[in-house]
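K.L.:
Encoded as structure tokens, here's the structure I'll be asking about.
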Amino acid sequence: MKIQSISALLILPLIALLLCSSTLAAEYPLTITDTAGREVTFPQSVERIIVLSSDAAEAVVMLGAADKVVGVSDTVQKKSYYFPQLAKKQSIGKWNAPDYEMIGEVAKGGVESITPDILVIGYSYPDKSYGIFGVEKGLAPFKDIRAVALEFTKPENMTQEVETLGQILGKETEAQDYINWYNEKRSAAEQAVNSLNKPKVYAEWSSTSDLSTLGAGSGFDQVLSVANGYNIAKKLGDAYPKVGWEWVVTQNPEVILKRQTQSSDQKQIGWAAGPSQDTVTLEAARNELLARSGAKGISAVKADRVYVMDWDILNGLDQVVGITYLAKLLHPEVDLDPVSVHKEYLQFLGLEYPEERTFVYPELASAS
Amino acid sequence: MPSGITAKNVLLREKYQQFVGRKMLFLLLLVIVIVLLAGVAATLGSANIGVLDVYSAILARFFPASFQTSWFADTIVWGLRLHRILLSIVAGMGLAIAGAVMQGILKNPLASPFTLGISSAASFGAALAIVLGAGFVGGEWMIIGNAFVFTLLASMTVYGLAKYKGITPETMILAGIAIMYLFQAMTSFLQYVGHAEQVQEVVFWMMGSMGRSSWDKVWIVTAAIAICFPYLLLKSWDINALGAGDETATSLGVNVEKTRVICMMAVSFITASVICFTGTIGFIGLVSPHITRMVIGGDHRFLLPASALVGGLLLLAADTAARTILAPVILPVGIMTAFLGVPFFVYLFMRRKKEFW
């Protein structure tokens, strides 16, 4: 009796140890749930990846799996300055109309059958032809190519998506590192500003034909509330509501942010710090806004708080960089350093922080 | 003298027989060219499969005993390429038949399947599904269902409007223009309220694409044509008579109004079943009948089948080019139809000797 119970005591921890080690090395078949709510089962580990979006490419690179990428969409190729590791990968066509035949050819990779170690990562968009269900249909003739929807665009899904991708790629540790960093930086920004006054903010998404701003339901609205700003368009339900300049003047925002799209032949992130060709363009965009009739009466203009922003840092995995920038911009008195957060983020991607670049114009005064 | 007339008659008859022979030859030639082009198109694509592999993959389905194929070649050829090629052919045929009949019954060289506001109605139906997510059926058939229903709705409205003033080409075209502007305005409104990505998808839909093809869509379009085409062919004498004027046609025993209405409905049905799958592919329906007319003349008994073949050939050529020129980027076929068709059209236009309009 006694010997039996002792041996049982010895064996139990052993079994527990075995169980632990087997859960650490992911077990196959592995089933995950993607952002579109689909359950996808992997019979073996994923060794080859095709990315249809630059946000997904960024996530794969960030988790250190760039060497597994075998095919990219046109949007990833256009950002090759951001993913030098992916510049030479096979193109599979446009992000919203991929060439499925090419995907099949890449998946086959010289041999006669498709090994089920290949994965296509796309957007969710459940009702669109380029959404995950459309992609799934396009891949249907090839039985063993799996597709998942992971977007990395909305703050509410961000950490979950990184965790899922980490699981799929067997990069749980890297994913957890990023999530810890993200949560830390995000709560640092939140804690620094949450007791301060909320300034009224007008964000201009586009001014080409009509003015459009970012309402409730946009990712920016969530980002702005984390940075403790009040979105004057919050009551406008749509994500990108169209507004009139008269309405903006009446709302009298205390801070104005203007989105400026990047030129198509961009070679680096952000803009060249002034004085440069980039800052001349930015100055012109800012002056156009300042010259609108009635602009002089707006608090933001009187207090000289009109900024042109690089919207790339407000979307995607570097969103927490944008959150820190916004928190600093809205509350100049807080002790936050967006540049160091940005540097830390770029280390995840294995990139150097580019000197003499700027992401906000006019540049913010450094931490006081 | 009588012998002279008989001799002249015989000569005319001979000439006519010769002309019929030329028409038959043209039809036969078109069929051969389409088969050849389809054969070439099946070998083109991003997947690296040899010409022989492609053909053994095709033949292996018919003669499994004597042909060997690999799983990959079979998947690419049967799963991705062949249904797209066949859909291009039948869609081009449908649009060209519709265009030829429209030009015939409206006696207007500028008429096309889209004259009666059909394309703008279909675009509006698609935009409604894309921007507002509202439709008659749900899921993946929503855009298709909307485009189909609104196309038929537009032609019903044109019919209703024209009915009041008598069904003449003028009333039909005017009613069609009114409908076209109405639906265009409504589509513009939807684009104005829609998000950037939705607007982009509407524009993409309106350019037309073969990317959504599948085997069931091939069968549906083929069935729609198979139902309507024999009837239209049966009516081709009546359409010929209409060309001589409504009074002349009436005195020849043609029920002018009825012919016009039924032909218009058949044409709308064919067009609706094509463009709800492909988007509004312009140009094919307008130009295929003209190209055909320049070669074999305006007799609708030959014009209808020959236009159909020209249309199928044009669309297949355009889609093959769209697939391969910038591969792996696939261009919308609506852009390629005009790029390929216009030079050919201008060539025939500069060379033609006779006036058919």
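The values are calculated or read from the model by the stated rules, or taken from the named source; none is laboratory data. Only a predicted model underlies this, so the values are computations on that prediction, with no experimental measurement involved. A quick note on method: Cβ atoms are made from the backbone with ideal geometry, for glycine too, and the neighbour counts reach across all protein chains shown.
K.L.:
Looking for whichever is touching a His at 6+ places or on another chain (Cβ under 8 Å), crowded, with 20+ Cβ neighbours inside 10 Å and within 30 Å of B:R323 (Cβ to Cβ) here; the options are B:V218, B:V202. Which one fits?
P.N.:
B:V218
K.L.:
Only helices (runs of 4 or more DSSP H) wholly contained in region B:69-130 count here; list those with 2 or more residues that are at pLDDT below 95 and farther than 25 Å from B:L190 by Cβ.
P.N.:
B:71-74, B:82-106
K.L.:
Across region B:1-47, what is the total count of residues that are at pLDDT below 90, in a helix (DSSP H, G or I) and farther than 20 Å from B:R293 by Cβ?
P.N.:
14
K.L.:
Report whether or not B:A57 is more than 21 Å from B:A317 (Cβ to Cβ) and crowded, with 21+ Cβ neighbours inside 10 Å.
P.N.:
yes
K.L.:
Going through region A:126-153 one residue at a time, which ones are touching a helix residue (DSSP H, G or I) at 6+ places or on another chain (Cβ under 6 Å) and at the interface with chain B (Cβ under 8 Å from one of its Cβ atoms)?
P.N.:
If the condition is that a residue be touching a helix residue (DSSP H, G or I) at 6+ places or on another chain (Cβ under 6 Å) and at the interface with chain B (Cβ under 8 Å from one of its Cβ atoms), then A:P141, A:F142 are the ones that fit.
K.L.:
How many of the residues in region B:189-228 are at pLDDT below 90 and aromatic (F, W, Y)?
P.N.:
Total meeting the criteria: 3.
K.L.:
Another question, if that's okay. Which one of these is under 18 Å from B:M210 (Cβ atoms) and not β-branched (V, I, T): B:A317, B:A306?
P.N.:
Selected residue: B:A317, the only one of B:A317, B:A306 that is under 18 Å from B:M210 (Cβ atoms) and not β-branched (V, I, T).
K.L.:
Further question on the same structure: Take region B:48-68 and flag every residue that is more than 10 Å from chain A (Cβ to nearest Cβ) and part of a loop (DSSP other than H, G, I, E, B).
P.N.:
Selection gives B:G50, B:F63, B:P64, B:A65, B:S66, B:F67, B:Q68.
K.L.:
A further question on this structure: Quickly run through region B:1-51 and pick out the residues that are of a type in the set (S, T, N, Q) and over 32 Å from the mean Cα position of the chain (by Cα).
P.N.:
B:S3, B:T6, B:N9
K.L.:
OK, next. Any residue at all in region A:265-280 that is at pLDDT 90 or above, under 25 Å from A:H331 (Cβ atoms) and either in a strand (DSSP E or B) or in the same structural domain as A:I323 (by TED's automatic domain parsing) (or both)?
P.N.:
No.
K.L.:
Considering only residues that are surrounded by 12 or more Cβ atoms within 10 Å (Cβ to Cβ) and over 25 Å from the mean Cα position of the chain (by Cα), which ones fall in region A:251-283?
P.N.:
A:Q251, A:N252, A:P253, A:E254, A:G274, A:S276, A:T279, A:T281, A:E283, listed by residue number.
K.L.:
Here is a list: B:K8, B:K15, B:K23. Which entry is surrounded by 18 or more Cβ atoms within 10 Å (Cβ to Cβ) and not β-branched (V, I, T)?
P.N.:
After ruling out the rest, the residue left standing is B:K23.
K.L.:
Next question, about the same structure. Output the residues belonging to region B:247-260 that are assigned to a helix (DSSP H, G or I) and surrounded by 18 or more Cβ atoms within 10 Å (Cβ to Cβ).
P.N.:
Across region B:247-260, the qualifying residues are B:A249, B:V256, B:T259, B:R260.
K.L.:
Still on this structure, I have one more. If you scan region A:154-192, which residues turn out to be among the polar types (S, T, N, Q) and in contact with a helix residue (DSSP H, G or I) (Cβ under 6 Å, 6 or more places away or on another chain)?
P.N.:
A:T159
K.L.:
Hey, another quick one. Does region B:163-215 hold any residues that are more than 12 Å from chain A (Cβ to nearest Cβ) and among the acidic types (D, E), and which are they?
P.N.:
B:E170
For every residue, the table says whether it meets (1) more than 18 Å from B:N108 (Cβ to Cβ); (2) small (G, A, S); (3) in contact (Cβ under 8 Å) with a residue 40 or more places away in the chain.
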site: B:E257; (1), (2), (3): no, no, yes
site: B:V261; (1), (2), (3): no, no, yes
site: B:I275; (1), (2), (3): yes, no, yes
site: B:Y347; (1), (2), (3): yes, no, no
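K.L.:
While we're here: Which residue out of A:E112, A:E105 is surrounded by fewer than 15 Cβ atoms within 10 Å (Cβ to Cβ) and facing another protein chain (nearest Cβ under 9 Å)?
P.N.:
Testing whether each residue is surrounded by fewer than 15 Cβ atoms within 10 Å (Cβ to Cβ) and facing another protein chain (nearest Cβ under 9 Å) leaves just A:E112.
K.L.:
For the list (1) within 12 Å of chain B (Cβ to nearest Cβ); (2) under 18 Å from the mean Cα position of the chain (by Cα); (3) over 30 Å from B:A134 (Cβ atoms), I need the number of the one condition that A:K79 fails.
P.N.:
Status for A:K79: all satisfied but (1).
K.L.:
Taking helices (runs of 4 or more DSSP H) that fall entirely within region B:270-353, which contain at least 2 residues that are modelled with pLDDT of 90 or more?
P.N.:
Qualifying helices (runs of 4 or more DSSP H): B:284-296, B:300-324.
Matching residues to (1) within 13 Å of another protein chain (Cβ to nearest Cβ); (2) under 30 Å from A:I103 (Cα atoms):
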{"position": "B:A73", "(1), (2)": "yes, yes"}
{"position": "B:W78", "(1), (2)": "yes, yes"}
{"position": "B:V90", "(1), (2)": "no, yes"}
{"position": "B:L106", "(1), (2)": "no, no"}
{"position": "B:S119", "(1), (2)": "no, no"}
{"position": "B:A122", "(1), (2)": "no, no"}
{"position": "B:G125", "(1), (2)": "no, no"}
{"position": "B:G135", "(1), (2)": "yes, no"}
{"position": "B:G138", "(1), (2)": "yes, yes"}
